[in-house]
Amino acid sequence: MTALSGRRIALPEHRELDRLAALLEAEGAETVRCPLVAIRDAPDPAPVAAWIERVIAAPPDDLILLTGEGLRRLHAAARRTGHAAAFVAALAAVRAITRGPKPVRALRELGLSAGLRAGEPTTEGVIAALANEDLRGRRVAVQLYPGNPNARLLDFLREAGAAVDPVVPYAYASEADDRRVGMLIGELAEGRIDVIAFTSSPQIARLFDAAGKLAREDELRRGLARTRIAAIGPVAAATLAARGLSPAIVPARRYFLKPLVAAIIESLTAG
């Protein structure tokens with residue numbers, strides 16, 4: 001008998017759904033797949049292309065990367081316009097500041113490395129990493145992600161005297177239709193799900209948005225109250241907390257799929 005035999009785990013993940021499902025199924029779990037969010041290129045490519053051109057023409061002093069997906073999308077956008085090599089060459093002259101391990105991996109894929117890593121993979125972690133630096137007159141490019149203009153970070157940089165150039169290189173699109181989300185809400189409410197595992201904040205927002213459209217938010221909350229909630233890291237955990245939910249499962253230090261699966265196994269086998 002494997003560690004998760006007889007357990008049903010709901011997966012709102014999209015991009016790495018098959019990999020996450022395989023890791024859990026290898027431990028005997030039954031996975032309930034309901035991808036809530038898909039990632040798309042920015043609907044208007046012009047601002048992204050203009051930002052890339054600025055970076056190539058005059059590389060900034062610093063580039064803050066909040067997500068690995070963001071850098072990959074920027075590189076893909078540069079490749080589509082024939083500027084990939086020039087873009088990577090420009091980045092080689094820039095200090096990369098990363099929030100979490102995923103941007104570090106994306107940099108390595110391009111043969112680059114992080115110059116400064118946040119101690120915690122959050123906005124506050126990035127701010128703490130820069131708190132004692134003299135940013136006056138520095139030109140700082142910032143890769144943001146959709147749905148979060150991150151005024152806290154941008155205001156901090158501007159108040160510190162930096163010239164800030166933000167870019168949002170991708171967008172989120174709803175993946176599962178409301179009917180499928182409704183089925184998931186029903187399973188949660190009936191107590192048929194042991195764990196729901198969130199791997200990003202937009203999944204949480206999409207779930208509640210769909211529940212609101214279906215007039216089933218109360219039912220969703222009742223279902224979540226009887227289900228162990230897993231969050232891949234502190235950002236998703238904070239998003240849940242903002243909605244009055246406390247995840248029972250969060251990896252202790254490393255915020256990847258394998259540590260998430262290990263934390264789920266530990267929680268469910270502990271009783």
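Here are some notes:
- Sites matching trypsin sites (Lys or Arg not before Pro) across the stretch 111-142 that sit in DSSP coil, with at most 10 neighbouring C-beta atoms within 10 Å: ARG136
- Stokes-Einstein D for the chain, Kirkwood Rh over Cα pairs, 25 °C, 0.890 mPa s (µm²/s): 124
- With neighbour counts taken as other beta-carbon atoms within 10 Å, the residues THR98, THR227 rank, fewest first, as THR227, THR98.
- For ASP61 and ARG226, the difference between the fully extended length at 0.36 nm per residue and the C-alpha to C-alpha distance is 54.5 nm.
- Shape call, the stretch 76-123: gyration tensor on alpha carbons, a/c limit 1.5: prolate
- Bridge type composition, the chain - antiparallel percent by DSSP, nearest 5: 20
- For the chain, a Gaussian network of Cα nodes joined below 10 Å ranks THR67, THR239, THR81 by mean-square fluctuation, and the top entry is THR81.
- Sequence-separation-based contact order of the chain, relative, with Cα cut under 8 Å and 6+ spacing, percent: 20
- Antiparallel DSSP beta bridges within the stretch 41-171, percent to nearest 5: 10
- Dimensionless Rg over Rh [the stretch 41-171; C-alpha; Kirkwood]: 0.93
- Over the chain: helical MRE at 222 nm, DSSP H runs n ≥ 4 each giving -39500 (n - 2.57), nearest 500: -13500 deg cm²/dmol
- Assigned charges on the beta-carbon of Lys, Arg, Asp, Glu; the chain dipole about Cα centre (debye): 260
- Phi angles of the stretch 244-255 translate, via the Karplus equation with coefficients 6.51, -1.76, 1.60 and θ = phi - 60°, into HN-Hα couplings of x, 10, 10, x, 7, 10, 9, x, 6, 9, 9, 10 Hz per residue; Gly and Pro are given as x.
- When you restrict to C-alpha pairs under 8 Å that are six or more residues apart and normalise by the size of the stretch 30-92, the relative contact order lands at 36 percent.
Each value in this text was obtained by applying a stated rule to the coordinates, not by laboratory testing. In this text, all values refer to a predicted model and were calculated from it rather than measured experimentally. Here the Cβ is made from the backbone with ideal geometry for all residues, glycine too, and neighbour counts use every protein chain on show.
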